[in-house]
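*Asks:* Please find one structure pasted underneath; my questions will follow.
The values are calculated or read from the model by the stated rules, or taken from the named source; none is laboratory data. Computed from a predicted structure; not experimentally measured. Cβ coordinates were reconstructed from backbone atoms using ideal geometry, including for glycine residues, and neighbour counts include every protein chain displayed.
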Amino acid sequence: MTVMTVMTIPVITIDGPSASGKGTVAARVAERLGFHYLDSGALYRAAAVASIHAGIDPQDEPRLVERVRSLQLRCAGERVLMDGEDVSAAIRTEEAGVRSSQVAAVPGVRAALLDLQRGFLQAPGLVADGRDMGTVVFPQARLKVFLTASALIRAQRRHKQLIEKGFSANLDALLRDLQERDERDRSRAVAPLAAAPGAREIDSSTLTIVQVVDQILRWYAQA
Ligand code: CDP
């Protein structure tokens, strides 16, 4: 495909802080439109798991970047394969979540994952969720959404999600982790978490998933 063709494929970006509901909402919007879906956080989480497995300190940029560059990452639906190994469960632990925001602050890691993310852009369209989808990865997106919710609601959602997946979880510790992670994501020098210029903002604290999905689809129909 030519660069022009790629640039005309419609993209919807959904960025926002941890556990704001981006993943569920983005996957449903993609399903309703028949679009592809990119969970960019899963790639940073996989990089985190790789660094934990290899015992690489997230501060050790050269080793970390070399490892991430050599990773063979594949997403197949909900499954994530890293060098052929299914890491779908391993990337969802809280430890991987905390480590992911540390490795995500390293510029070389972000650069190493850029082409992989852009490769998800295929006809008939893409819904991409993360922190910098609208600001850095797909600045040409037709619709940019910034999805938030209060910290307590987000911690409660994450708690429920972890318990449902069979992990143990403590609400106070989750709230603390989440606030620390958001702070790190917002204050980093490269691709910080921020609403893209022109992004539509939506606070999901008191909305259901269906309401958020419908709102995004209405915005997209007008975009
Ligand atoms: O599941 P949760 O919303 O907590 O996080 P995630 O979307 O799986 O992303 C995990 C971490 O990866 C985030 O805390 C960010 O530090 C990082 N990330 C990023 O920097 N840029 C992205 N586009 C997506 C995730």
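*Asks:* Would you say GLY108 is surrounded by fewer than 21 Cβ atoms within 10 Å (Cβ to Cβ), at pLDDT 95 or above, among the small types (Gly, Ala, Ser) and away from the ligand (no atom under 16 Å from the Cβ)?
*Replies:* Judged against the criteria, GLY108 is not a match.
*Asks:* Moving on. Among the listed residues ALA105, ALA123, ALA128, ALA141, which satisfies the condition of being in contact with an Asp or Glu (Cβ under 9 Å, 6 or more places away or on another chain) and closer than 19 Å to ILE12 by Cβ?
*Replies:* Step by step, each of ALA105, ALA123, ALA128, ALA141 is checked, and only ALA128 is in contact with an Asp or Glu (Cβ under 9 Å, 6 or more places away or on another chain) and closer than 19 Å to ILE12 by Cβ.
*Asks:* Let me ask you something else. Could you tell me whether any residue of the range 9-29 is basic (Lys, Arg), farther than 22 Å from PRO107 by Cβ and away from the ligand (no atom under 16 Å from the Cβ)?
*Replies:* Within the range 9-29, none of the residues are basic (Lys, Arg), farther than 22 Å from PRO107 by Cβ and away from the ligand (no atom under 16 Å from the Cβ).
*Asks:* Now for a different question. Please pick out the residue among ILE163, ILE216 that is more than 14 Å from the ligand (Cβ to nearest atom) and within 18 Å of the chain's Cα centre (by Cα).
*Replies:* ILE216
*Asks:* Looking at (1) over 20 Å from PRO107 (Cβ atoms); (2) away from the ligand (no atom under 16 Å from the Cβ); (3) of a type outside the set (Val, Ile, Thr), can you tell me which one ASP57 breaks?
*Replies:* (1)
*Asks:* Another question, if that's okay. Just checking: which of the helices (runs of 4 or more DSSP H) contained wholly in the range 128-223 hold 3 or more residues that are in contact with a strand residue (DSSP E or B) (Cβ under 8 Å, 6 or more places away or on another chain)?
*Replies:* Once the helices (runs of 4 or more DSSP H) in the range 128-223 are filtered for at least 3 residues that are in contact with a strand residue (DSSP E or B) (Cβ under 8 Å, 6 or more places away or on another chain), what remains is 209-222.
*Asks:* Which of the residues that make up the range 30-49 are free of Cβ contacts under 8 Å to residues at least 12 places away in the same chain and either of a type in the set (Gly, Ala, Ser) or near the ligand (Cβ under 7 Å from one of its atoms) (or both)?
*Replies:* Within the range 30-49, none qualify.
*Asks:* Might you let me know whether the range 179-196 holds any residue that is closer than 17 Å to ILE12 by Cβ, at pLDDT 90 or above, surrounded by fewer than 20 Cβ atoms within 10 Å (Cβ to Cβ) and not hydroxyl-bearing (Ser, Thr, Tyr)?
*Replies:* Yes, some residue in the range 179-196 is closer than 17 Å to ILE12 by Cβ, at pLDDT 90 or above, surrounded by fewer than 20 Cβ atoms within 10 Å (Cβ to Cβ) and not hydroxyl-bearing (Ser, Thr, Tyr).
*Asks:* Right, something else. Can you confirm whether ARG79 is of a type in the set (D, E, K, R) and surrounded by 13 or more Cβ atoms within 10 Å (Cβ to Cβ)?
*Replies:* Criteria not met by ARG79.
*Asks:* Which of (1) acidic (Asp, Glu); (2) closer than 21 Å to ALA27 by Cβ; (3) within 13 Å of the ligand (Cβ to nearest atom) is the odd one out, the single condition GLU95 does not satisfy?
*Replies:* Single failed check for GLU95: (2).
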